[in-house]
Amino acid sequence: MNAQAIETPPNHTAPETPKAPKAPKNSLATAAMTLGIIGLPTSVVLVGGPLAVIGLILGIAALMTAKRTGTGRGKAVTAVVTSSLAIVVSGLVAVFMVWYANKTQDCYQPDSFHQYTQCVREHLNGN
């Protein structure tokens, strides 16, 4: 078989396919959602609290932008919800840490880990 190459005329261009119009983006909502999602699991170690506060502020601003432009509402709502939850979790962890430290303050200079755990058990059980 003899294959011959098909040549296209030099002035011929491929037909252009119509491109879908780009939807406007709400980058503020994306940033807020990212901070809220990162803030939620890291709120257990209190790092997520400040991230969540920033995420909440950006999320509220993104909601206002979404109301005006009509884009990014879902991301903004996700940001507000996850950031709010992260703030609550951080607050609860902080309260628990203060309560635990107050309850076990006599146990902070033990000679061994065994003495520490025994002291903590005694203080938490009220003995």
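Summary table below
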read-out	value
Residue in region 79-91 that is under 30 Å from L124 (Cα atoms), without any contact (Cβ under 8 Å) to a residue 60 or more places away in the chain and surrounded by fewer than 16 Cβ atoms within 10 Å (Cβ to Cβ) present	yes
Top-ranked residue in region 72-127 [being assigned to a loop (DSSP other than H, G, I, E, B) and farther than 30 Å from A62 by Cβ; ranked as nearest to the chain's Cα centre (by Cα)]	T104
Pairs where the first residue, in region 57-69, is more than 15 Å from S83 (Cβ to Cβ) and the second is among the aliphatic types (A, V, I, L, M) and surrounded by 16 or more Cβ atoms within 10 Å (Cβ to Cβ), C-beta under 9 Å, 6+ apart	M64/A76; T65/L28; T65/A29; T65/A76; A66/L28; A66/A29; A66/A76; A66/V77
Residue within region 31-47 that is out of contact with any Lys or Arg (no Cβ under 8 Å at 6 or more places or on another chain), surrounded by fewer than 16 Cβ atoms within 10 Å (Cβ to Cβ), assigned to a helix (DSSP H, G or I) and polar (S, T, N, Q) present	no
Some residue of region 103-116 being modelled with pLDDT of 85 or more and not charged (D, E, K, R)	no
Residue that is surrounded by the most Cβ atoms within 10 Å (Cβ to Cβ), among those in region 48-60 that are over 10 Å from the mean Cα position of the chain (by Cα) and farther than 13 Å from V88 by Cα	G59
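The values are calculated or read from the model by the stated rules, or taken from the named source; none is laboratory data. This one's a predicted model, so the numbers in the text were calculated from it and none came from an experiment. Reconstructed Cβ throughout: ideal geometry from the backbone, glycine too, with neighbour counts over all protein chains shown.
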